[in-house]
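The values are calculated or read from the model by the stated rules, or taken from the named source; none is laboratory data. Only a predicted model underlies this, so the values are computations on that prediction, with no experimental measurement involved. Here the Cβ positions follow ideal geometry from the backbone for every residue, glycine too, while neighbour counts run over all protein chains shown.
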Amino acid sequence: MNADAETAETGRAGPAVLPLYAAGFVTAFGSHGIAANLGFTGDLGSQLITLGILLALYDGAEILLKPVFGALADRIGLRPVLLGGLFGFALASAAFVLVGNPALLGVARFAQGAAAAAFSPSAGALIGRIAPQRRQGRAFGSYGAWKGLGYTAGPLLGGALVAAGGYPLLFTTLTVLAIAVFVWTVLVVPDPPPLPRHREGLGALLRRLGNRGFLPPTLALASSAAALSVGVGFLPLVGAGDGLGPIATGAAVSVLAVVGSLTQPVIGRVRDAGRIGDRTALVVGTLLTAVGLGFPAVVGHLAGLLVAAVLIGLGTAMITPVAFAVLAASSPRERLGQTMGSAEIGREIGEAGGPFLTGVLAATLGLGGGFLGIAVLVALTAIGGARVLRSA
């Protein structure tokens, strides 16, 4: 009996999905744990240039390679690509420690990003394959919550590790973590065979990726990622402008991450129970996120930051599990890896583009104008959410 049939009969994926959640934590922790703790010597200009390059390398590798590895996973199997990515992540992290040359940090970051491009969409696609249809929202909600935990813990835990033992200790920890998830995956995650695929030309691919089952949820994921990045990067600036210290502004960012992580599994369960439709969840989640982004432009100080953090956290928590569940339900199962890989490109673009657009708008309109501008853009993506196939 294959994995799809087995989970369909049992009605649950059981412990098989837990290593997939852990894989989501690895990529989030690996990305933010290093990115938030990059330190350099030299003049400020060279620091900023180097910082920008190092921050872009990880996400750049993912943007370039996720569709490639997603298509490969559909061809040879999701589990082998997942395992290869985890092993590659561990190898890249360990190599940096063994070589001991800080100048190779950029190479290590690109290699880690390339490995994450393999195992991240494969983990998402495997959840879509082995979690039963009636529990997909809950499964993707838990997956998003574990990634959120990685984003939250990454800067703090990464900073503690760097303070205790420098980059070698941080990269050693990432190596051990990736190996542990690799072994866990080998032991408990099933290996669903690749499904037969019909030949698909470029025109058919573009039509499939442009339909209502792919484009609206991917656009929602992009706006969600943009909002999270803007919140993490710019909410502290609002607090600092109002005279708040780093503890208060850091608390606001933590509230955003914690609310999102705790709420996603709940939203997934509500969605699976049929108490909220996909269309409603995406539209309401997007509008909540937009209101949260616009709030700091109207109300400042700690209260304004906390309200903004809660609204952004709730909004993105509504979007993420539902959007992934819609993608999994609407994609041909034999091309689920390619679908997830392509959808995650939308997230990466949103994560990079949101702060960039906010910064450009803030440079000309002030910080409040930057928040209002990105809030309007996010609100407009609700039009896409209204076009998904299933509604409440």
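Selection of the range 178-209 for residues being at pLDDT below 90 and assigned to a helix (DSSP H, G or I) yields Leu202, Gly203, Ala204, Leu205, Leu206, Arg207, Arg208, Leu209. Could you tell me whether any residue of the range 308-327 is free of Cβ contacts under 8 Å to residues at least 12 places away in the same chain and either surrounded by fewer than 24 Cβ atoms within 10 Å (Cβ to Cβ) or at positive phi (or both)? No: the range 308-327 contains no residue that is free of Cβ contacts under 8 Å to residues at least 12 places away in the same chain and either surrounded by fewer than 24 Cβ atoms within 10 Å (Cβ to Cβ) or at positive phi (or both).
In contact with a helix residue (DSSP H, G or I) (Cβ under 7 Å, 6 or more places away or on another chain), in a helix (DSSP H, G or I) and farther than 19 Å from Phe324 by Cα: which single residue out of Ala225, Ala220, Ala252 fits that description? Only one candidate passes the filter, namely Ala252.
Kindly indicate whether Ser122 is more than 25 Å from Gly313 (Cα to Cα) and either assigned to a helix (DSSP H, G or I) or in contact (Cβ under 8 Å) with a residue 60 or more places away in the chain (or both). When the stated conditions are applied, Ser122 passes them. Taking the range 285-305 as the range and being part of a helix (DSSP H, G or I) and hydrophobic (A, V, I, L, M, F, W, C) as the test, the residues that pass are Leu287, Leu288, Ala290, Val291, Leu293, Phe295, Ala297, Leu302, Ala303, Leu305. So how many residues does the range 129-144 have that are at pLDDT below 85 and among the small types (Gly, Ala, Ser)? Of the residues in that region, 3 qualify. I'm checking my understanding of the structure. Among residues of the range 352-388 that are surrounded by fewer than 23 Cβ atoms within 10 Å (Cβ to Cβ) and under 27 Å from Val68 (Cα atoms), which one is nearest to the chain's Cα centre (by Cα)? Selected residue: Ala352.
Going by what's in this entry, would Leu293 be described as buried (at least 21 other Cβ atoms within 10 Å of the Cβ), of a type outside the set (Phe, Trp, Tyr) and modelled with pLDDT of 85 or more?
yes
When you scan the range 169-189, do you find a residue that is of a type in the set (Phe, Trp, Tyr), closer than 26 Å to Ala92 by Cα, surrounded by fewer than 21 Cβ atoms within 10 Å (Cβ to Cβ) and not assigned by TED's automatic domain parsing to the domain that holds Arg279, even just one? Within the range 169-189, one or more residues are of a type in the set (Phe, Trp, Tyr), closer than 26 Å to Ala92 by Cα, surrounded by fewer than 21 Cβ atoms within 10 Å (Cβ to Cβ) and not assigned by TED's automatic domain parsing to the domain that holds Arg279. Select from the range 66-125 the residues that are among the aromatic types (Phe, Trp, Tyr) and either farther than 17 Å from Val186 by Cβ or within 15 Å of the chain's Cα centre (by Cα) (or both) and list them in ascending order. Phe69, Phe96, Phe110, Phe119 - these are the residues of the range 66-125 that are among the aromatic types (Phe, Trp, Tyr) and either farther than 17 Å from Val186 by Cβ or within 15 Å of the chain's Cα centre (by Cα) (or both). Residues that are closer than 25 Å to Ala28 by Cα and free of Cβ contacts under 8 Å to residues at least 24 places away in the same chain do not occur anywhere in the range 331-354.
State whether one or more residues within the range 324-342 are farther than 20 Å from Gly231 by Cα and outside any helix (DSSP H, G or I). For the range 324-342, residues farther than 20 Å from Gly231 by Cα and outside any helix (DSSP H, G or I): present.
Residues that are out of contact with any helix residue (DSSP H, G or I) (no Cβ under 7 Å at 6 or more places or on another chain), farther than 30 Å from Ser122 by Cβ and among the polar types (S, T, N, Q) do not occur anywhere in the range 339-361.
Evaluation of Leu157 against the conditions (1) more than 23 Å from Gly274 (Cα to Cα); (2) more than 15 Å from the chain's Cα centre (by Cα); (3) surrounded by 24 or more Cβ atoms within 10 Å (Cβ to Cβ) shows that the sole unmet condition is (3).
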